[in-house]
Amino acid sequence: TATLTVTNVAPTAVISGPIAGDEGETLTFDASLSHDPGNDIDSYEWDWEYDTTFSADASGITAIHQYADDGTYTLALRATDDNGASDVDTATVTIVNVAPDVNAGPGQTVDEAAVASFTGSFTDPGADNHTIEWDFGDGASATGTLTPTHVYTEPGSFNVTLTVTDDDEGIGSDDLTVTVQNLPPIDVDAGGPYAGTAGAPVTLTASGSDPGGGPVTYAWDLDNDGQYDDATGAATSFTSEVSGTYTVAVQVADLQSAVTTDTAQVTIGPAELDHIVLSPPTLEIPAGETQPYTVEAFD
């Protein structure tokens, strides 16, 4: 007889699988190429971020993992046989940053001076910090929120952009269109009622405003012919030589030529007489007869 001593040989660990991927991507790693001359590999363990000290994060001949952020990672596989002998294989895995996927929300239609509300969203597979910026298309912007509001002061079509930037300079953006409808001037008032005397000018003063705060213009119809071509400006004057009650109208227009009108009454009274001259008769009046005076009135 003879005694034969067979010495155990440690397995050889072999990692197969991707060495690159995107942050947040599910990567599958395989240890099936590992081998042992005694065919007695008992366990496979994985360390996703190996730093010279093995720390088992998962087990199995295959394993899946998602790296939450971009960077370069050392992956380690430890194969152990049933005699406790083990071997560690490592691989460098490069994870690439993925820019945010941004949704600015649907387009919308609002009136000028009304509040437009926005609801944006984004997804990012990485564990990143983000900056959020809105460009409302009219020179205004907002930062730090996905749900801003904005007031457009003039009508038109505006391209709104939501931009999200992660801390690795990955940029995602999306656009929407806001259609702002014009509104005619509001609070239009021709003033009055007015009163004056024949031959003397009466000052008329109108007011009105644009809902969005834009400029407005004034045109007057002073002769009630339906044509607003008698005067311009918020203030004008009205003169009549004949007493009576007159209707005047003002038309207020915005930059888009939308108009609103209003009317006022002007009451003109008779002019006061300045003096009266009585002309005495120029002929002798026979006894028992009369002759009337001539009256001249001056206003």
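Structure notes:
- Some residue of region 40-53 being on the phi < 0 side of the Ramachandran plot, of a type outside the set (Asp, Glu), in a strand (DSSP E or B) and open to solvent by 60 Å² or more (accessible area, probe 1.4 Å): no
- For beta carbons closer than 6 Å, sequence separation of 6+ or different chains, a first residue in region 118-143 that is farther than 21 Å from Gly170 by Cβ and a second that is loosely packed, with under 15 Cβ neighbours inside 10 Å, the qualifying pairs are Thr119/Thr147; Gly137/Asn159.
- Residue within region 148-168 that is small (Gly, Ala, Ser) and more than 30 Å from Gly71 (Cβ to Cβ) present: yes
- Whichever residue in region 224-244 is within 12 Å of Thr205 (Cα to Cα) and either polar (S, T, N, Q) or touching a Cys at 6+ places or on another chain (Cβ under 6 Å) (or both) and, among such residues, is surrounded by the fewest Cβ atoms within 10 Å (Cβ to Cβ): Thr232
- Odd one out for Ala190, checked against (1) within 36 Å of the chain's Cα centre (by Cα); (2) crowded, with 17+ Cβ neighbours inside 10 Å; (3) at pLDDT below 95: (3)
- Residue identified as more than 30 Å from Asp42 (Cβ to Cβ), more than 11 Å from the chain's Cα centre (by Cα) and aromatic (Phe, Trp, Tyr) among Phe122, Phe136: Phe122
- Set side by side, the residues Gly24, Gly17, Gly60, Gly38 differ, and just one is small (Gly, Ala, Ser), at pLDDT below 95 and over 24 Å from Ala127 (Cα atoms), which is Gly38.
- Inter-residue pairs, beta-carbon under 6 Å, first within 18 Å of Asp82 (Cα to Cα) and in region 38-51, second surrounded by 19 or more Cβ atoms within 10 Å (Cβ to Cβ) and basic (Lys, Arg), 6+ apart: Glu45/Arg78
- Hey, Val93 more than 30 Å from Pro215 (Cβ to Cβ) and at pLDDT 95 or above or not: yes
- Hey, Asp187 acidic (Asp, Glu) and not in a loop (DSSP other than H, G, I, E, B) or not: yes
- Among residues of region 79-104, those that are over 16 Å from Gly17 (Cα atoms) and touching a Lys or Arg at 6+ places or on another chain (Cβ under 6 Å), counted: 1
- Top-ranked residue of region 1-29 - restricted to ones that are in a strand (DSSP E or B) and either buried (at least 17 other Cβ atoms within 10 Å of the Cβ) or of a type in the set (A, V, I, L, M) (or both), ranked as nearest to the chain's Cα centre (by Cα): Gly21
- Qualifying position, being over 30 Å from Gln181 (Cβ atoms), in contact (Cβ under 8 Å) with a residue 24 or more places away in the chain and over 12 Å from the mean Cα position of the chain (by Cα), among Ala68, Ala58: Ala68
- Counting only strands (runs of 3 or more DSSP E) wholly contained in region 59-170, the ones carrying 3 or more residues that are open to solvent by 30 Å² or more (accessible area, probe 1.4 Å) occupy 62-66, 71-81, 86-96, 108-111, 121-123, 130-135, 156-166.
- Val202 being farther than 30 Å from Tyr152 by Cα, of a type in the set (A, V, I, L, M) and either open to solvent by 60 Å² or more (accessible area, probe 1.4 Å) or at pLDDT below 95 (or both): no
The values are calculated or read from the model by the stated rules, or taken from the named source; none is laboratory data. On a predicted model such as this, the values are computed, not experimentally measured, just so you know. Glycine gets a Cβ as well: all are built from the backbone with ideal geometry, and neighbour counts include every protein chain shown. Protein only, heavy atoms only, side chains kept; ligands, DNA and RNA dropped before computing areas. Shrake-Rupley method; radii C 1.70, N 1.55, O 1.52, S 1.80 Å.
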